[in-house]
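To start, the structure under review is shown below, and the notes come after it.
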Amino acid sequence: MKPIGITLGDPAGIGPEVAARTIAAHPRPQIPWLLVGAQWSLEQGAHAAQVTLPDYAVVGHASAAGDGIALVDIGIEQPADFQFGTVQASCGEIAVRTVEWTAQACLAGELSAMVTCPLNKEAIHAAGYTDDLGHQEILARLAKVEWTATMLMTPGLRVAHLSTHKSLIKAAQYVTQANVLSKLQLVHQTLSSWGLANPRIAVAALNPHGGEGGILGREEIDELVPAVAAAKVEGIDAHGPLPADSVFNRAIEGEFDVVLALFHDQGHIAIKVHNFHQSTTATLGIPFVRTSVDHGTAFDIAGQGRADSRGLEAAISAAEHIVARDLANL
């Protein structure tokens with residue numbers, strides 16, 4: 001089995017620490033793990049976590065990873081002014097170059113999947129990557145794809161998103177029949193390719209109580225109902241729009257395989273309230289498997305040995321299940 005690439009994220013955040021904790025706890029993974037980042041940041045993470053790193057090889061290419069744990073050092077030395085918990089352009093540069101290297105290896109077929117630790121949007125902007133808001137935009141740029149979607153997963157609930165990195169006003173304006181239908185097609189195609197046959201997709205409403213027949217807004221009538229109807233004509237098992245205050249609970253109870261949320265917080269809050277520590281993120285619409293921790297760089301606790309590695313462990317497990325086309329048991 002080809003290795004799973006694991007990016008270390010922003011060195012000033014908790015990514016290297018949770019990576020160090022994870023490999024210390026799992027020194028002999030079933031599928032090889034290839035860490036990608038700055039070796040010095042992994043060592044800093046291990047020092048913060050007070051764990052002893054297992055033996056690992058430092059390699060220059062994915063094909064040299066071997067059967068256990070290896071690391072590709074992207075070759076950027078530790079900045080003289082490095083400090084945990086602060087926005088630093090140099091750390092943003094490291095984070096983006098790490099993601100780019102790993103994604104290119106996935107596109108070349110050298111890795112079976114990639115798992116990402118968090119980067120910091122302010123830091124990558126400080127590094128000059130002003131067109132990239134986060135991982136999803138970087139991956140779309142490298143894969144040259146127009147349509148992507150974020151899907152959050154936690155035991156018992158999956159939530160895909162119509163949009164994520166938009167203001168609330170712009171997110172509401174993004175709720176159009178064409179956009180919703182495209183995301184329904186993307187969710188259906190991706191989950192089917194991952195082994196979940198004919199996924200049942202619920203569409204959350206935008207307005208309170210689903211708009212109350214237009215009294216509280218017409219997006220449901222004018223955009224969402226036609227999009228769901230068009231998806232059904234294509235053979236997609238789509239349902240809704242359904243009031244957002246009940247649709248997630250219905251999915252948790254097993255009525256739906258995934259909910260399409262219409263904006264960032266509508267979906268993220270549902271996932272994180274249900275089970276924050278085991279929640280993970282997957283990117284739909286790119287030609288390889290990418291999962292991620294569902295937390296940020298946590299600058300407020302970085303370097304203090306307090307970071308929880310359960311999110312990274314869950315993200316790696318999710319990638320392994322998807323590669324094995326075993327999404328039903330994820």
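Please treat every number below as a calculation from the coordinates, not as lab data. The shown structure was predicted, so the numbers you read here are calculated from the model rather than taken from an experiment. When we count neighbours, we look across all protein chains shown, and the Cβ atoms used for this are built from the backbone with ideal geometry, even at glycine.
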Computed [θ] at 222 nm, deg cm²/dmol, the chain (DSSP H ≥ 4; -39,500 (n - 2.57); rounded to nearest 500): -11500 deg cm²/dmol
statement: What the 5 Å binned alpha carbon P(r) of region 122-177 shows, as percent of pairs per bin from 0, is 4, 15, 18, 23, 23, 12, 4, 1
Amide H within-cut-off set for Leu242, under 5 Å, with H built and near neighbours excluded: Val203, Ala204, Ala205
message: Given a 10 angstrom Cα cut-off, can you work out which residue in Val258, Val87, Val273 is the most mobile in a GNM of the chain?
response: Val273
field: Percentage of interatomic Cα-Cα distances in the chain larger than 36 Å
entry: 19
task: Compute the distance in nm between two label points, each set 7 Å from the Cα along the Cα-to-Cβ direction, one at Thr52 and one at His209.
output: 6.4
- prompt: Arg325 to Leu216: FRET efficiency via 1/(1 + (r/R0)^6), r the Cβ-Cβ distance, R0 51 Å, to the nearest 0.05?
  reply: 0.75
- request: Round to the nearest 0.05 the FRET efficiency obtained for Asp67 and Leu107 when R0 = 25 Å and r is the Cβ-Cβ distance.
  value: 0.60
- prompt: Roughly what % antiparallel, to the nearest 5, for the DSSP beta bridges in region 147-275?
  reply: 30
message: Can you tell me how region 147-275 classifies by the Cα gyration tensor, rounded, prolate or oblate, using a/c under 1.5 as the rounded cut?
response: rounded
field: Nearest-20 debye value, region 147-275 charge dipole, Cβ charges on Lys, Arg, Asp, Glu
entry: 340
message: If each residue of separation counts as 0.36 nm, what is the full-extension length gain between Glu146 and Thr176 once their alpha-carbon separation is subtracted?
response: 9.1 nm
Rounded to the nearest 20 debye, dipole of the chain from Cβ charges on Lys, Arg, Asp, Glu: 400
- request: Tally the DSSP beta bridges in the chain and give the antiparallel ones as a percent, rounded to 5.
  value: 30
query: Counting pairs of alpha carbon atoms under 8 Å apart in space and at least six apart in sequence, what relative contact order in percent does the chain give?
result: 22
